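Below: one structure, written as structure tokens.
The values are calculated or read from the model by the stated rules, or taken from the named source; none is laboratory data. What you see is a predicted model; the values in this text were computed from it and never measured. Neighbour counts are summed over all protein chains in view; Cβ atoms, including those assigned to glycine, are modelled from backbone coordinates with ideal geometry. These area figures cover heavy atoms from the full protein model, side chains too; ligands, DNA and RNA do not enter into them. Shrake-Rupley method; radii C 1.70, N 1.55, O 1.52, S 1.80 Å.
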Amino acid sequence: MASSVLFHPCFLLSYYLIGLLVTAHNVPQARLTPHYGQHLMKVSIGTPPVDIYGAADTASNLVWTPCVPCNDNCVKQIHPLFDPKKSSTYSEISCHSEKCHQVWDEVRCSPQNSCIYSYGYSSGLTQGVLAKEKATITSTSGQAVSFDIVFGCGHNNTLRSDAQATIGLGSGPLSFVSQIGGKRFSYCLLPYGTEYTDPSITSKISFGKGSEVVGDGVVSTPFVAGDQYVVTLEGISVGDAYVSFNSSGKASKGNMLIDSGSPTFALPPDFYDRLEVEVKKQIPIDPIKDDPNLGTRLCYRTKITNENGPILTVHFVGADVELKPIQTFNQPLKEYEYYCFGITNTANTVLADMGDQGLYGNYVQANFLIGFDLETRMVSFKPTDCTKL
């Protein structure tokens, strides 16, 4: 979920969590459940603990959840709202504290000197009180891992979602990753539509030592300075045909944001147009034309498979990531036999103001174990059947 916040320096804490020393045999871990283009991470907060399910979002840096009271702008939520008055460990952050001003977007003081924040995304915003609370997730040993965390208690939230809570996984000081320490994390996202075919399947996200992505087939690319994971995409091969990111020369550094909070793989208009031409060439089927349900999307009435569709190879600096047709084509309307190209043009989305930068969303991240190392500033990819983890 692309955030409007700017870059922060990385802020890392220790490996010691409250009541438990994290070791390679006791890796903090949470389940990820697919939900309409998001992957919801389960975290318990408060005393007594209340389960919240937030979108795992590498493109933002705030952990927040809808709270009681929530005004009329709050969309009806599928999970109960957190009530801070019912938790004995809840405390509000002072508007004069360093933590308050790390939110970055906009903060102000309440009459009680609490930190009132406003944090924006491309799809809306959350406003509320910045607070400290006890948070708990599970671990590979089965033991619960608890720690204190600063989070947003959102009382005025306009995001168009029935699961608004967000777990910011960027490298900024208030992100979930930075606050629990460990310097690295990894996740494996389920393919699009898994929640319809088998709702019982979940995947996982792991933190700290033991979450490294290693072994055969791993490729890695560096991310540039800042509090988001911005990498450099040089081009994409459609079969054996190479399409460069920039038709006029070398790709600019840091042109692709890795965003687990958005399903979209979006490319700047010039790059997208040249890529679509090559994809059409390599599919021996006529695309659908002049259908008002589809607009300008590249779609077919025949399912695109490994037999009739091309493999796309995404060329990051130092890392080639191979995408099969199941990752690049989808069925956007279940009631119609339409199979559409899953990569889009930023000009057709709310991302139009991104200029020459693209977005590498969660749809094409599925079935890869993806690791982020905040020390080496590397992102790693390993082909993995995420339904089997």
Q) Among (1) touching a Ser or Thr at 6+ places or on another chain (Cβ under 7 Å); (2) closer than 26 Å to ASN345 by Cα; (3) in contact (Cβ under 8 Å) with a residue 24 or more places away in the chain, where does ALA251 come up short? A) (3)
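Quick one: would you say GLY318 is under 26 Å from ILE205 (Cβ atoms), open to solvent by 40 Å² or more (accessible area, probe 1.4 Å) and of a type in the set (Gly, Ala, Ser)?
Working: under 26 Å from ILE205 (Cβ atoms): yes; open to solvent by 40 Å² or more (accessible area, probe 1.4 Å): yes; of a type in the set (Gly, Ala, Ser): yes.
The answer is yes for GLY318.
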Q. Any residue in the stretch 260-268 that is among the hydrophobic types (A, V, I, L, M, F, W, C) and over 20 Å from GLY358 (Cα atoms)?
A. no
Q. Which of the residues that make up the stretch 69-82 are in contact with a strand residue (DSSP E or B) (Cβ under 7 Å, 6 or more places away or on another chain), part of a loop (DSSP other than H, G, I, E, B) and open to solvent by less than 90 Å² (accessible area, probe 1.4 Å)?
A. CYS70, ASN71, ASN73, CYS74, GLN77, HIS79, LEU81
Q: Name the single residue, out of those in the stretch 22-38 being within 14 Å of the chain's Cα centre (by Cα) and under 20 Å from THR140 (Cα atoms), that is surrounded by the most Cβ atoms within 10 Å (Cβ to Cβ).
A: LEU32
Q: For the stretch 333-347, indicate whether the set of residues that are assigned to a loop (DSSP other than H, G, I, E, B) and touching a helix residue (DSSP H, G or I) at 6+ places or on another chain (Cβ under 8 Å) is non-empty.
A: yes
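Hey, which of the strands (runs of 3 or more DSSP E) in the stretch 126-202, taking only ones fully inside, have at least 2 residues that are modelled with pLDDT under 95 and surrounded by fewer than 24 Cβ atoms within 10 Å (Cβ to Cβ)? Quick ask: steps written out before the conclusion?
Values: elements: 145-157, 166-168, 184-188.
Those strands (runs of 3 or more DSSP E) span 145-157.
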Q. Which condition number does LEU359 fail, the rest of (1) assigned to a strand (DSSP E or B); (2) open to solvent by 40 Å² or more (accessible area, probe 1.4 Å) being met?
A. (2)
Q) From GLU307, GLU375, which residue is touching a residue at least 40 places away in the same chain (Cβ under 8 Å) and open to solvent by 60 Å² or more (accessible area, probe 1.4 Å)? A) GLU375
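Residue-by-condition table, conditions (1) in contact (Cβ under 8 Å) with a residue 12 or more places away in the chain; (2) touching a helix residue (DSSP H, G or I) at 6+ places or on another chain (Cβ under 9 Å):
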site: LYS76; (1), (2): yes, no
site: LEU81; (1), (2): yes, no
site: SER87; (1), (2): yes, no
site: PRO111; (1), (2): no, no
site: TYR121; (1), (2): yes, no
site: LEU125; (1), (2): yes, no
site: VAL129; (1), (2): yes, yes
site: GLU133; (1), (2): yes, yes
site: THR136; (1), (2): yes, no
Q) Taking the stretch 330-342 as the search range and keeping residues that are of a type in the set (A, V, I, L, M, F, W, C) and surrounded by fewer than 23 Cβ atoms within 10 Å (Cβ to Cβ), which one is farthest from TYR36 (Cα to Cα)? A) CYS340
Q. Where residues in the stretch 256-301 are under 27 Å from THR58 (Cβ atoms) and of a type in the set (D, E, K, R), which of them is surrounded by the most Cβ atoms within 10 Å (Cβ to Cβ)?
A. ASP259
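State yes or no: is GLY261 under 24 Å from GLY342 (Cβ atoms) and in a loop (DSSP other than H, G, I, E, B)?
Working: under 24 Å from GLY342 (Cβ atoms): yes; in a loop (DSSP other than H, G, I, E, B): yes.
In short, yes.
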Q | Given (1) part of a strand (DSSP E or B); (2) free of Cβ contacts under 8 Å to residues at least 40 places away in the same chain, index of the condition ASP353 fails | A | (1)
